[in-house]
1. Given the rule -39500 (n - 2.57) for each run of at least 4 DSSP H residues, summed and divided by the residues of the chain, what is its mean residue ellipticity at 222 nm, to the nearest 500 deg cm²/dmol?
2. May I ask for the percentage of alpha-carbon pairs in the stretch 3-114 that lie more than 18 Å from each other?
3. Alpha carbon centre of the stretch 89-104 versus the stretch 25-73: separation in Å?
4. Compute the length gained on full extension between D79 and F9: take 0.36 nm times their separation in residues and subtract their Cα-Cα distance, giving the result in nm to one decimal.
5. With +1 assigned to the C-beta of every Lys and Arg and -1 to the C-beta of every Asp and Glu, and no other charges, what is the dipole magnitude of the stretch 3-114 about the Cα centre in debye, to the nearest 20?
6. Toward the positive end of the charge dipole of the chain, about the Cα centre and with charges on Cβ (Lys, Arg +1; Asp, Glu -1), which of I51, F111, A4 goes farthest?
7. In terms of Cα to Cα distance under 29 Å, which lysines are near enough to K86, apart from those fewer than 8 places away along the same chain?
8. Out of the chymotrypsin sites (Phe, Trp or Tyr not before Pro) in the stretch 51-116, which ones are loop residues according to DSSP with at most 14 other C-beta atoms within 10 Å?
Amino acid sequence: MTKARVLSFKYAIEGIWTALKDQPNFVFHILATIVVILFGWFFQISTLEWIILTLTIGIVISIELTNTAIEEVVNSFTDEIHPSAKKAKDVAAGAVLVVSIMAVIVGLLIFLPYFI
């Protein structure tokens, strides 16, 4: 592996660590991920269900990280509430909300039958 590739992994891990330290919503998503994984293990869900959960978790975490990046970039340009900055941050937060709702629906579709 080249030094540049190693550095790119290092920076990516730093980004995740930064989100864990600075973003309570990201921590919530990580905790929810742990709960979902424990449920999957407890109920011995199928391989297909694991695939669906893994993709859903990955999407939620990725969008949350993207939202954090957008917020940081927007905040770096202005301290005041500019209408365009607010729109950018609101749209990014909306994306997190949409995938989070989708994740809850996926979770219900997978786990509800185990409770019924």
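Coordinate-derived values only; no laboratory data. Since this is a predicted model, take the numbers as computed values, not measurements. Cβ: placed from backbone, ideal geometry, glycine included. Neighbour counts: every protein chain shown.
1. Values: 4 runs with 104 residues, N = 116.
So the calculated ellipticity at 222 nm is -32000 deg cm²/dmol.
2. Numbers: 3588 of 6216 pairs.
When all Cα pairs of the stretch 3-114 are counted, 58 percent exceed 18 Å.
3. The two parts, judged by their Cα centres, are 13 Å apart.
4. Values: separation 70, 0.36 × 70 = 25.20 nm, distance 3.08 nm.
My answer for the length gained is 22.1 nm.
5. Working: 7 positive and 9 negative charges, 63 e Å.
Using Cβ point charges on Lys, Arg, Asp and Glu, the stretch 3-114 gives about 300 debye.
6. Sorting the options by dipole projection puts first A4.
7. The qualifying lysines are K21.
8. Values: sites: F77, F111, Y114, F115; in loops: none.
Counting only loop positions with at most 14 other Cβ atoms within 10 Å, none of the chymotrypsin sites (Phe, Trp or Tyr not before Pro) in the stretch 51-116 qualifies.
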